[in-house]
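The values are calculated or read from the model by the stated rules, or taken from the named source; none is laboratory data. For clarity, every value in this text was computed on a predicted model and none was experimentally measured. Every residue, glycine as well, gets a Cβ built from its backbone with ideal geometry; the counts of neighbours run over all protein chains shown. Only protein heavy atoms, including side chains, enter the accessible area calculation; ligands, DNA and RNA are left aside. Shrake-Rupley method; radii C 1.70, N 1.55, O 1.52, S 1.80 Å.
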Amino acid sequence: MSNLSETRGIVMLILEHTEPSSCLHWIAVSQGRYEQAEEGCVMEGDGLSQQQWLRQRLLLASLALGSLLLLVASVGTLDRLQLICPIKVRMPPAGVSWETPLHTFQHKHTHRLKLHRTNSTRQKLLLIKQLPRAIIIGVRKGGTRALLEMLSLHPDVVKASQEVHFFDNDQNYARGIDWYREKMPFSFPHQITIEKSPAYFITEEVPERIFKMNSSIKLLVIVREPTTRAVSDYTQVLEGKERKNKMYDKFEELVIDSNTSQVNTKYKAVRTSIYTKYLEHWLKFFPVEQFHVVDGDRLIIDPLPELKLVEHFLNLPSWISQYNLYFNATRGFFCLRYNFIFNKCLAGSKGRIHPGVDPSVKEKLQRFFHPFNQKFYQITGRTFNWPRGFQ
Ligand code: A3P
């Protein structure tokens, strides 16, 4: 009658439901020894039955509820959970008629799914790991995470959750393309895998390496007003130092060379904001049509139009809607709604409060970036008017 599970070192509760009586056995398995607590077992019709039977039902119900909550919680932490086959937007492959809706979910632990197409045809579609067909190459603190997460709302997009750093890290690159592919999530063949590693944009070797992998890959660059981006970059590093109880210079001390009183171009946060310098290097390998520039400042305040432009650039059917994005006043940012159950905001490390910057330093920086910005608009064909109202 009892199922005994021998798991050393683990304490388990095994509940067993038997007929005709509702009998609950509590068996504690500890260090290989079994102990049976009989008081949990109630036979129908005995003196105690009514109350204890009720208690058991309650216990069973709460266990079921607990399991359900656990399931919901674990599913909620998945990178995404949504119907991946929105029939209305997906074209069937040539020569195949899809008559039956494909009620299937993507699950990051699922290795293969069977899809029933018609009564007569039963075919299997395998989930596979695909190399990215689009990469968010940067820019650091431009809103790369928000862009990746928001794009992954689209059923035809699958994202690599972690930054892979394959092309910018020599050690990783030496591991080869199969290692890289292995880092990708499972996807269906028609889906686009996207990864983001913001360091790609500023690392010299990366364009050539990506070109060798796929010369027609689509490249996404998300930028913010250069001075704001530099402050954001500084804030991230500052927070890291503070976490380790380390001292760090003030922003003003880092961005201005104390000897010359000029902008310190040796400071990485300044250099990274000279977008045109890096873009010109990328253009030695890829034509400008393979790049799409996302306005990171607009993605913060009004993400949908930016996402629609990206959908178009990636030749994706229009899918992401205002329903998928809602403003969370507590966070002060837009958050993501996958469906009526699942939604999420980005982690607290996104959207830090920036330290105040001396206005004269800020203006010096803005003047410094101005000519580079002009060139950037010229190359990309997208004008941002950074900073707003600046002459
Ligand atoms: P701040 O922390 O300076 O505000 P990245 O992901 O490239 O590191 O970029 C981080 C920036 O993304 C944040 O910079 C934040 O402003 C921006 N961002 C854009 N949309 C966001 C969103 N919906 N939630 C949180 N941060 C968002």
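Just to be sure, is I256 surrounded by fewer than 16 Cβ atoms within 10 Å (Cβ to Cβ) and of a type outside the set (G, A, S)?
Working: surrounded by fewer than 16 Cβ atoms within 10 Å (Cβ to Cβ): no; of a type outside the set (G, A, S): yes.
When the stated conditions are applied, I256 does not pass them.
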| note | Scanning region 321-349 residue by residue, those more than 9 Å from the ligand (Cβ to nearest atom) and touching a residue at least 12 places away in the same chain (Cβ under 8 Å) turn out to be S321, Q322, Y323, N324, Y326, R337, Y338, N339, I341, F342, N343, K344
| request: Restricting attention to region 298-320, report how many residues are surrounded by 12 or more Cβ atoms within 10 Å (Cβ to Cβ), more than 16 Å from the ligand (Cβ to nearest atom) and over 28 Å from P387 (Cα atoms). | output: 4
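With respect to F368, determine if the residue is more than 16 Å from the ligand (Cβ to nearest atom), farther than 25 Å from H154 by Cβ, open to solvent by less than 60 Å² (accessible area, probe 1.4 Å) and within 30 Å of the chain's Cα centre (by Cα).
Numbers: more than 16 Å from the ligand (Cβ to nearest atom): yes; farther than 25 Å from H154 by Cβ: yes; open to solvent by less than 60 Å² (accessible area, probe 1.4 Å): yes; within 30 Å of the chain's Cα centre (by Cα): no.
Here the answer is no, as F368 does not meet what is asked.
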| field | Residues that are over 22 Å from the mean Cα position of the chain (by Cα) and open to solvent by less than 10 Å² (accessible area, probe 1.4 Å), drawn from region 218-233 | value | P226, T227, A230
| query | Looking at this structure, is I210 within 14 Å of the ligand (Cβ to nearest atom) and hydrophobic (A, V, I, L, M, F, W, C)? | reply | no
| field | Failed item, numbered, when L309 is tested on (1) in a helix (DSSP H, G or I); (2) among the aliphatic types (A, V, I, L, M); (3) touching a Leu at 6+ places or on another chain (Cβ under 8 Å) | value | (3)
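Restricted to region 235-276, and to residues that are in a helix (DSSP H, G or I) and under 25 Å from Y377 (Cβ atoms), which residue is farthest from the ligand (Cβ to nearest atom)? It would help to see each step written out before you state the result.
Keep residues of region 235-276 that are in a helix (DSSP H, G or I), which gives 235-243, 251-255, 268-272, 275-276.
Next, from what is left, pick out any that are under 25 Å from Y377 (Cβ atoms): 255, 268-272, 275-276.
On the way: V255: 16, K268: 15, A269: 12, V270: 16, R271: 16, T272: 11, Y275: 14, T276: 19 Å.
Out of the qualifying residues, it is T276.
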| field | Selection count where residues are outside any loop (DSSP other than H, G, I, E, B) and either free of Cβ contacts under 8 Å to residues at least 12 places away in the same chain or out of contact with any helix residue (DSSP H, G or I) (no Cβ under 8 Å at 6 or more places or on another chain) (or both), scope region 369-391 | value | 5
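Regarding region 279-291, can at least one residue be identified that is within 16 Å of the ligand (Cβ to nearest atom) and not hydrophobic (A, V, I, L, M, F, W, C)? Break it down stepwise before answering.
Let us first name the residues in region 279-291 that are within 16 Å of the ligand (Cβ to nearest atom), namely none.
Within region 279-291, none of the residues are within 16 Å of the ligand (Cβ to nearest atom) and not hydrophobic (A, V, I, L, M, F, W, C).
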| Given the conditions (1) loosely packed, with under 13 Cβ neighbours inside 10 Å; (2) within 16 Å of the ligand (Cβ to nearest atom); (3) not in a loop (DSSP other than H, G, I, E, B), which single one is not true for S360? | (2)
| remark: The lone condition V294 fails out of (1) free of Cβ contacts under 8 Å to residues at least 40 places away in the same chain; (2) in a strand (DSSP E or B) is (1)
